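Data block below; observations after.
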Amino acid sequence: MPAPRRTQQQRREETRQRLLDATIDCLVEHGFAGTTTQRVQQRAGVSRGALLHHFASKADLLAAATHHVAELRLAHIRAETEGGAQSREKGLALLRTAMSGPYFLAGLELWLAARTDAGLRAALLPAERDVGAAQRAVMGDIFGAETAARDDFPLLCESLLVLHRGLALTGVLREDPTFDDEMLRLWVDRFLAARTP
């Protein structure tokens, strides 16, 4: 029996998804400078018109791809944390998985490029605000209500995210595989155990 025909909406969504996946693949493989709209279009196997129909500019495409990857990482964390708060060790391991690897590095490529590209920065800001709020909510689930009730919880969350970003950047040249774990243990000792709510 032949497969049912896809609707126009389904085809549009599949094309959009291919473009986002191709963008992330290009960022991972070629970096920001090598991620051109032509390369993305070719990798996705779509026409120039299809690309422009979904994304009016390169900044819009890159911002959407960043948000898409972040949402996938958060969905993984949420799935792993369903049913209540995790132990701190498991929670940190989940966050580390979500904030490392090629897709996270693709996001860092965009952050660095946004420093000097005002259009990209403007496109990234709304997506990053949404993702940041979702990350804080997930971290509240991971670390429990007492930690989430602390006055300094927003700073605590941001410090962990900054630590992960820094470890990912410096890890490119680091040879000691245990350094990341040592830094995360230090963060737990200093920030989570330092005070009670």
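The values are calculated or read from the model by the stated rules, or taken from the named source; none is laboratory data. If you're wondering where the values come from, they're calculated on a predicted model, not measured in any experiment. Methodologically, a virtual Cβ is constructed for each residue, glycine included, from the backbone with ideal geometry; neighbour enumeration extends over all protein chains shown.
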Check: Considering only helices (runs of 4 or more DSSP H) fully contained in the range 122-195, which possess at least 3 residues that are of a type in the set (A, V, I, L, M) and in contact (Cβ under 8 Å) with a residue 24 or more places away in the chain?
Finding: 153-170
Checklist line | From the options Val69, Val28, residue that is among the β-branched types (Val, Ile, Thr) and either surrounded by fewer than 12 Cβ atoms within 10 Å (Cβ to Cβ) or within 30 Å of Val188 (Cα to Cα) (or both) | finding: Val69
Notebook entry, point to check: Does the range 37-54 contain any residue that is in contact (Cβ under 8 Å) with a residue 60 or more places away in the chain and at negative phi?
Noted result: no
Notebook entry, point to check: (1) in a helix (DSSP H, G or I); (2) surrounded by 14 or more Cβ atoms within 10 Å (Cβ to Cβ): which one isn't true of Val46, the others all being true?
Noted result: (1)
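For (1) more than 19 Å from the chain's Cα centre (by Cα); (2) over 15 Å from Gly119 (Cβ atoms); (3) among the hydrophobic types (A, V, I, L, M, F, W, C), each residue gets a yes or a no:
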residue	(1), (2), (3)
Gly34	yes, yes, no
Arg39	yes, yes, no
Ala44	yes, yes, yes
Leu52	yes, yes, yes
Ala56	yes, no, yes
Ala59	no, no, yes
Ala63	no, no, yes
Val69	no, yes, yes
Leu72	no, yes, yes
Notebook entry, point to check: Hey, Asp152 hits all of (1) modelled with pLDDT of 85 or more; (2) of a type in the set (Asp, Glu); (3) under 21 Å from the mean Cα position of the chain (by Cα) but one; which does it fall short on?
Noted result: (3)
Note to self: Looking only at the range 56-79, count every residue that is in a helix (DSSP H, G or I) and closer than 13 Å to Thr23 by Cβ and tell me the total.
What the structure shows: 12
